[in-house]
Amino acid sequence: WGNLGHETVGYIAQEFLLPNALSFVQSSLGSTYNQSLGNAATWADSVRYETAYRWSAPYHFVDAEDEPLQGSCSVQETRDCGDGGCILTAIANYTSRVSQTSLSASQRQEALKFIDHFLGDIGQPLHVEAYEVGGNDIDAVCAGKSTNLHAAWDTGILTTSLSATYSSSLTSYVSALVKRIKSGSYKSLTDEWLSCTSTTQPASRRGLSTPSIEGDIKRLLYETQESEDGLLRRASITPLACPLVWAREANAYDCSTVFPYTSGDDLCTGSYFDAAVPVIDLQLAKQGYRLAAWLNVIFDGET
Ligand code: DCM
Ligand code: DCM
Ligand code: DCM
Ligand code: ZN
Ligand code: ZN
């Protein structure tokens, strides 16, 4: 996502934090970020081209080697994450680090800012897709301007929607999404959002392991504690259940919504735009709510 998308995720999450998570977020981010996940959510993008942080660039996505044009979408951690790591392993690493009281305040703040950002990016369908470098190499048109498919999904469609429906006010947009979560059309979906069960998973596996945010965090913190130096060594370890479910959910939109388009069509008007906007609203609201739940389990032991 671009800045607007990330800020939306952060501001939504801030509304759903439990007391200990809120307290950590406020004191860790401090006045630099107005004590808010909304203000801190774009930091990871602001440093990714700096020499000192170049290593973090691959952590913003996972290159899923599926075939979205043939209607075949999938994400597999072993196939797609690679030795250098990806957004899936980055979420595990920074979840471990934000929890480690032995790390410095600035190291834990950095970990929090990465979590804040990556739980947003994992909901962007083209951040969980390898095809044409996540759509970066596909020319597109948005509101009459030349762009590429990835940028249209990161910023173009959302900017157009905010202008058309929310007078370009991010605050109004965030309020509208929070209201949908608390009392509107998303309310009945929130339990499902936190369940970490995949609808595309066979029933046999779904019942078996009952993946959960609590289960992921518990295992991660145990594995971190077990290692002498506090560094996670995940190579031989089962991947976290929830981030993989989130990635698969976003990736499914590549087959249903992102790639079915007619070459040359303007993506920010007409039927493509009308189909994309509800997906972007949903993905941002959902990832904001999940970000709060993730931090709530880390710091308060419950969602
Ligand atoms: N680093 C990291 N994870 C990576 C790569 C690097 O945490 N996958 C950290 C370790 C170094 C710092 O970034 O302290 C600088 O890395 P580099 O040596 O790649 O510049
Ligand atoms: N770092 C990281 N993840 C790790 C280890 C290090 O992101 N598992 C980052 C945090 C700092 C930098 O590397 O930005 C410094 O790392 P080091 O502690 O290796 O100097
Ligand atoms: N990106 C991606 N998948 C890739 C490469 C890049 O999702 N395989 C994302 C990261 C940025 C955007 O695309 O949001 C542009 O990346 P860059 O500036 O590195 O070209
Ligand atoms: Zn992007
Ligand atoms: Zn990013």
Practice prompt. Can you tell me which residue among S185, S195 is touching a Ser or Thr at 6+ places or on another chain (Cβ under 8 Å), assigned to a loop (DSSP other than H, G, I, E, B) and within 29 Å of A241 (Cβ to Cβ)?
Written response: S195
Discussion item. Every residue in region 1-49 that is away from ligand 1 (no atom under 16 Å from the Cβ), of a type in the set (S, T, Y) and out of contact with any His (no Cβ under 6 Å at 6 or more places or on another chain), please.
Written reply: T8, Y11, S23, S27, S28, S31, T32, Y33, S36, S46
Practice prompt. Search region 116-132 for residues being surrounded by fewer than 24 Cβ atoms within 10 Å (Cβ to Cβ) and touching a residue at least 24 places away in the same chain (Cβ under 8 Å), and hand back the single one that is farthest from ligand 2 (Cβ to nearest atom).
Written response: Y131
Response to the item:
All conditions in (1) surrounded by fewer than 21 Cβ atoms within 10 Å (Cβ to Cβ); (2) more than 20 Å from the chain's Cα centre (by Cα); (3) away from ligand 1 (no atom under 16 Å from the Cβ) are true of R180 except (2)
Discussion item. Could you tell me how many of the residues in region 34-56 are free of Cβ contacts under 8 Å to residues at least 40 places away in the same chain and either closer than 15 Å to L126 by Cα or more than 16 Å from ligand 2 (Cβ to nearest atom) (or both)?
Written reply: 4
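Of the residues that sit in region 2-41 and are β-branched (V, I, T) and crowded, with 21+ Cβ neighbours inside 10 Å, which one is farthest from the chain's Cα centre (by Cα)? Before you say what the answer is, go through the steps one by one.
Within region 2-41, the first condition is being β-branched (V, I, T), and the residues that meet it are 8-9, 12, 25, 32.
Imposing the further condition that a residue be crowded, with 21+ Cβ neighbours inside 10 Å reduces the set to 8-9, 12, 25.
On the way: T8: 11, V9: 8, I12: 13, V25: 18 Å.
Filtering region 2-41 for residues that are β-branched (V, I, T) and crowded, with 21+ Cβ neighbours inside 10 Å, the one farthest from the chain's Cα centre (by Cα) comes out as V25.
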Worksheet, complete the sentence: Picking from Y49, Y59, the residue that is open to solvent by 20 Å² or more (accessible area, probe 1.4 Å), within 16 Å of ligand 4 (Cβ to nearest atom) and farther than 19 Å from Q109 by Cβ would be Y49
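Residues checked against (1) open to solvent by 50 Å² or more (accessible area, probe 1.4 Å); (2) at positive phi; (3) aliphatic (A, V, I, L, M); (4) in contact with a helix residue (DSSP H, G or I) (Cβ under 8 Å, 6 or more places away or on another chain):
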| position | (1), (2), (3), (4) |
| --- | --- |
| R79 | yes, no, no, no |
| G84 | yes, no, no, yes |
| S96 | no, no, no, yes |
| S102 | yes, no, no, no |
| A105 | yes, no, yes, yes |
| Q109 | no, no, no, yes |
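The values are calculated or read from the model by the stated rules, or taken from the named source; none is laboratory data. Not measured: the values here are computed from a predicted model. Neighbour counts are summed over all protein chains in view; Cβ atoms, including those assigned to glycine, are modelled from backbone coordinates with ideal geometry. Only protein heavy atoms, including side chains, enter the accessible area calculation; ligands, DNA and RNA are left aside. Shrake-Rupley method; radii C 1.70, N 1.55, O 1.52, S 1.80 Å.
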